[in-house]
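Input: a single structure, listed below in structure tokens.
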Amino acid sequence: MPIDDASQRLAEVQTAIRRAAKIAGRNAESVTLIAVSKMHDAEAIRPLIAAGQRVFGENRVQEAAAKWPELRETTSGIALHLVGQLQSNKAEEAVALFDAIHSVDRPSLVTALAQAMDKAGKRPPCFIQVNIGDEPQKGGCAVEALSGLLAEARAADLPVAGMMCVPPADIEPAPYFALLAKLARDHGLAGLSMGMSGDYETAVTIGATHVRVGTALFGTRA
Ligand SMILES: *Cc1c(COP(=O)(O)O)cnc(C)c1O
């Protein structure tokens, strides 16, 4: 992707975030844009870094470990967020590599992450992923299990920053975003990781603090 394309797409997404924030009476600075670079190689990522983007998201530990150490060597200030499901046996690697983890969804993972953080002496902020549409094929903790999981995470000293969701496809997402916002508020959490390429503006009007945008920045994935 030529650099102009990357900076143009980035500017468009940033403008859309500002517009949505304004509608909601929010400061656009309170929204972190995570550029989800999964399945795109370093070649495709570099133009976005050159355009000024510093926060990136990946959904697989292995893929991130292959791409990012080298990219990070040439640019300081990169923050890497894990937005995909995490296996407990990869918790140590995830804690070493990522600056935030958006997919904490079960007690065994809470335990594994807490141990990994103790060992690494590093505690990246975590989001509890909620299966907001109650879909069997999706990751995330059931809404009914949320209070229990959050209590376990807090007891294990995980730095819980907020909640994350991926609403069901092909339905109006706003009610799901609103439900996640309510659940986060009820549990005293400020962070809301919600909104992807198709719906991040809606998510921002409903309070998203982190939007995870891939396609709108990088084009379609192979
Ligand atoms: C791939 C992915 C995204 C980005 O999706 P786009 O529709 O390409 O913007 C966001 N969140 C998660 C969890 C993802 O896996």
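If you take the square roots of the eigenvalues of the alpha-carbon gyration tensor of region 125-222 and sort them as a ≥ b ≥ c, do you get rounded (a/c under 1.5), prolate (a/b over b/c) or oblate?
Judged from the Cα gyration tensor, region 125-222 comes out prolate (a/c at least 1.5, a/b above b/c).
What does the net charge come to around VAL31 if you take all other residues with beta carbon closer than 12 Å to its beta carbon, with K and R at +1 and D and E at -1?
Overall, the nearby charge balance is +3.
Would you give the gap between the C-alpha center of region 12-87 and the C-alpha center of region 158-222, rounded to a whole Å?
What the calculation gives is 15 Å, centre to centre.
So how many Lys-Lys pairs in the chain land under 22 Å Cα to Cα, not counting same-chain pairs under 8 apart?
Lysine pairs meeting the criterion: 10.
Counting only residues 5 or more places away or on other chains, whose amide H sits under 5 Å from the amide H of SER197 once H atoms are built in the peptide plane?
GLY214, THR215, ALA216
What do you get for Rg/Rh over the chain if you use C-alpha atoms and the Kirkwood form of Rh?
We get a ratio of 0.95 for the chain.
Run the quick spin-label model on ASN27 and ASP157: label points 7 Å from Cα toward the beta carbon, then report their separation in nm to one decimal.
About 3.2 nm, to one decimal.
For region 25-108, rounded, prolate or oblate, judged on the Cα gyration tensor with a ≥ b ≥ c (square roots of eigenvalues), a/c < 1.5 rounded, else prolate if a/b > b/c?
In terms of gyration-tensor shape, oblate.
Values in this text are rule-based calculations from the coordinates and carry no lab data. All values reported here derive from a predicted model rather than from experimental measurement. Reconstructed Cβ throughout: ideal geometry from the backbone, glycine too, with neighbour counts over all protein chains shown.
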